[in-house]
Amino acid sequence: MTCFTVTTQTGRIDKVIADTLPDATRSQAQKWLLAGHVTVNGATVLPKYKVAADDVVQVDPPKPVPLAAKPQNIPLEIVYEDADVLVVNKPQGMVVHPAPGHPDGTLVNAVLGHTALTGINDVLRPGIVHRIDKDTSGLLMVAKTQAAQLSLSAQLKAKTTSRQYLAIVHGVFKETQGRIDAPLGRDPKDRKKQAVVPDGRHAVTHFQVLEQFAKYALVQCVLETGRTHQIRVHMAYIHHPVAGDPLYAPKRTLPGAGQFLHAATLGFKHPVSGQWLEFHADPPAIFAETLANLRANIDKTRVIR
């Protein structure tokens, strides 16, 4: 239970709750209000209630239901598999692991429906050592044993894996390549976003312009670190947001099913043999079709190779 007194906030109670409580969203606050889990001065109120100075707000949200991933028969595009590791090409629109709002239908559910994972105790994210966003497509490595998970996680921490992305981004570049070194953390103005913040976590992205069009460009991004929304935030930070991005791109952007961002290349040492493995996956159809349309546009300015 959380209790606070309104001092300087004004406006609707659902927004005040979302702005005050670090782990609350406005939609969650609305559900709590409608379900009677919030009182103001001892009485329940509706989400449209306007708070006043010295209002005492008490929030008693329901306890979250524990999530555990269950096997589901969901098709997977398997790029590589052996007894220790699985590499899949995740489609755009698929969540990687169960979370509030996405209890099933995830990549983890599909993996559990496809194969057994040995000795991994994580019931929510078994075998997952790195993630890509729901609307980002491309390659993910999944550990099938505890030893493999430890090895792959250690490689990520040591920055010895190779992760290359393709992205269609806004704008015309003045340079053909660059390095973005900017710390990332939660956006203080919008909790749903990440942002470049002074006290954020160290984050580095390398980019190279592959093709330049009149208003967009095809770039290759290489991750040195792996922070939440890293490429999306870093490209927006240098004024070249990923096209189609619902959070960081302008409203006038390329139509699609989310950001035009694809994990195209993945390389790592096999957790048992030590052999270097590297895999490539073509972008999804909507990415390829959009790129073909840009290439066919007579306003194309230059191609960089």
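The values are calculated or read from the model by the stated rules, or taken from the named source; none is laboratory data. The shown structure was predicted, so the numbers you read here are calculated from the model rather than taken from an experiment. Cβ sites come from the backbone with ideal geometry, for glycine too, and all protein chains shown count toward neighbours.
Here are the numbers for the structure shown:
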{"quantity": "From Gly226, Gly113, residue being in contact (Cβ under 8 Å) with a residue 24 or more places away in the chain, within 30 Å of Glu81 (Cα to Cα), in the same structural domain as His240 (by TED's automatic domain parsing) and in a helix (DSSP H, G or I)", "calculated": "Gly113"}
{"quantity": "Test: residue in the range 232-244 that is assigned by TED's automatic domain parsing to the domain that holds Ala147, surrounded by fewer than 16 Cβ atoms within 10 Å (Cβ to Cβ) and farther than 15 Å from Asp133 by Cα", "calculated": "yes"}
{"quantity": "Enumeration of residues in the range 142-181 that are charged (D, E, K, R) and within 18 Å of Arg125 (Cβ to Cβ)", "calculated": "Lys144, Lys157"}
{"quantity": "Options Leu294, Leu218, Leu266, Leu247; residue that is assigned to a loop (DSSP other than H, G, I, E, B) and either assigned by TED's automatic domain parsing to the domain that holds Lys144 or under 28 Å from Ala147 (Cβ atoms) (or both)", "calculated": "Leu247"}
{"quantity": "Close pairs (8 angstrom Cβ cut-off, 6 or more residues apart or separate chains): closer than 13 Å to Gly138 by Cβ in the range 283-294, in a helix (DSSP H, G or I) anywhere", "calculated": "Pro283/Leu291"}
{"quantity": "Filter result for the condition that a residue is in contact (Cβ under 8 Å) with a residue 12 or more places away in the chain, assigned by TED's automatic domain parsing to the domain that holds Thr161 and small (Gly, Ala, Ser), over Ala69, Ala99, Ala52", "calculated": "Ala99"}
{"quantity": "Any hit, the range 183-202, residues being within 28 Å of Val142 (Cβ to Cβ), surrounded by fewer than 16 Cβ atoms within 10 Å (Cβ to Cβ) and without any contact (Cβ under 8 Å) to a residue 12 or more places away in the chain", "calculated": "yes"}
